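These notes are about the structure you will find just below.
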Amino acid sequence: MTTLRGTVAVAALAALLGLGMSGCSVAKTDAGATSDDKTAAADPGPSGDAQAALAAATKALSSGNYTFVVASPTLTAEGIVHLPSESAELTIDTGSAKFEIVLAEPDRWVRLSTGLAAGAGPDTWFHVDSSEIKEGGDLAFYLTDPDVIDVSALFDAVTEARLDANTITGTIDGTRVNSPDGFLDDATIKAMGSAAASLPFTATVDTKGRLAELDIEAPAAGKVQAGKWVFTVSGYGEQEARKKPAGQIRDLPPSGYAKLNG
């Protein structure tokens, strides 16, 4: 069975690249209730038009044929999704290190700019033996859900939204987000503390109502400084199958699995 789910486990990769993105749990209020409880009672909820627009905005992702960019205060991720060929590509760049993975079922290849094995330069690709992949590590890149950037989980937590032409503005309650493998994942959101309960967002859609960009203003989260998270999606229906990378390719050695499997 092949559907696309696919970020590399971001918290694990963050540790590999020295980002330290996970943190503490959501703070309680002095009354003993979480901020989520109080927000649920006070929020009027998104308007009907805005809610419909948000649902429509992510529908095109289900085809699994698009490109994306996620820019956060700490890293930039770029990817190509081509579900018809069971293939995808992902690059995560922190400025000081870059991790790349190409998936063309049943094969995958990885490259790390800081090197993955003795005697291999940063341009060397390594072929991965799928039987050696451990769940939760940086090699666990699977085809299980076409919404690779997991914006659906973020939209499911919208508590207030307004629609104006092709723009939707409002608030996301991060404490309601269920995204263990997304880029703006559960661990990062929990590290924001109680401030995660009210994250301002702006979403824009293209002329066909498909998500073009989602901007979220986020507080600091552990070592991740406060700033804007920008999710950009384009090239719907225009992608091609990803293939074996060109250049030098070696089998990933045991030391590489130890480094990437977490």
Residues of the stretch 161-172 being more than 13 Å from A218 (Cβ to Cβ), of a type outside the set (A, V, I, L, M, F, W, C) and in contact (Cβ under 8 Å) with a residue 12 or more places away in the chain, in sequence order, are R162, N166, T167, T169, G170
Can you find a residue that is touching a Lys or Arg at 6+ places or on another chain (Cβ under 8 Å) and of a type in the set (F, W, Y) anywhere in the stretch 146-169? no
For the stretch 37-59, pairs from a residue that is at pLDDT 90 or above to a residue that is of a type in the set (D, E, K, R) and not in a helix (DSSP H, G or I), with Cβ under 6 Å and 6 or more apart or across chains, are A50/R162
Over the stretch 87-102, the set of residues under 17 Å from I149 (Cα atoms), in contact with a Ser or Thr (Cβ under 6 Å, 6 or more places away or on another chain) and in contact (Cβ under 8 Å) with a residue 40 or more places away in the chain is none
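Would you mention how many residues in the stretch 154-184 are assigned to a helix (DSSP H, G or I) and surrounded by 20 or more Cβ atoms within 10 Å (Cβ to Cβ)?
Within the stretch 154-184, residues that are assigned to a helix (DSSP H, G or I) and surrounded by 20 or more Cβ atoms within 10 Å (Cβ to Cβ) number 4.
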Quick count over the stretch 77-115, residues being touching a strand residue (DSSP E or B) at 6+ places or on another chain (Cβ under 6 Å) and either surrounded by fewer than 17 Cβ atoms within 10 Å (Cβ to Cβ) or hydrophobic (A, V, I, L, M, F, W, C) (or both), is 18
Checked the stretch 61-76 for anything buried (at least 22 other Cβ atoms within 10 Å of the Cβ), hydroxyl-bearing (S, T, Y) and more than 22 Å from A221 (Cα to Cα); matches are Y66
Taking the stretch 107-130 and the residues there that are closer than 19 Å to K244 by Cβ and hydroxyl-bearing (S, T, Y), the one that is modelled with the lowest pLDDT would be S130
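Of all residues in the stretch 214-240, count the ones that are surrounded by 12 or more Cβ atoms within 10 Å (Cβ to Cβ) and assigned to a loop (DSSP other than H, G, I, E, B). Full working, then the answer.
Quick first cut of the stretch 214-240, residues surrounded by 12 or more Cβ atoms within 10 Å (Cβ to Cβ) only: 214-236, 239.
Filter once more, so that each one left must be assigned to a loop (DSSP other than H, G, I, E, B): 219-220, 222-223, 225-226, 235-236, 239.
Total satisfying the criteria: 9.
Got a sec? Which of A196, A187, A258 is surrounded by fewer than 16 Cβ atoms within 10 Å (Cβ to Cβ), among the aliphatic types (A, V, I, L, M) and not in a strand (DSSP E or B)? Reasoning before the result, please.
Values: A196 fails: surrounded by fewer than 16 Cβ atoms within 10 Å (Cβ to Cβ); A187 fails: surrounded by fewer than 16 Cβ atoms within 10 Å (Cβ to Cβ).
None of the others qualify; the one that does is A258.
The values are calculated or read from the model by the stated rules, or taken from the named source; none is laboratory data. Please read all numbers here as calculations on a predicted model, not as lab measurements. Backbone-built Cβ (ideal geometry, glycine too); neighbour counts: all protein chains shown.
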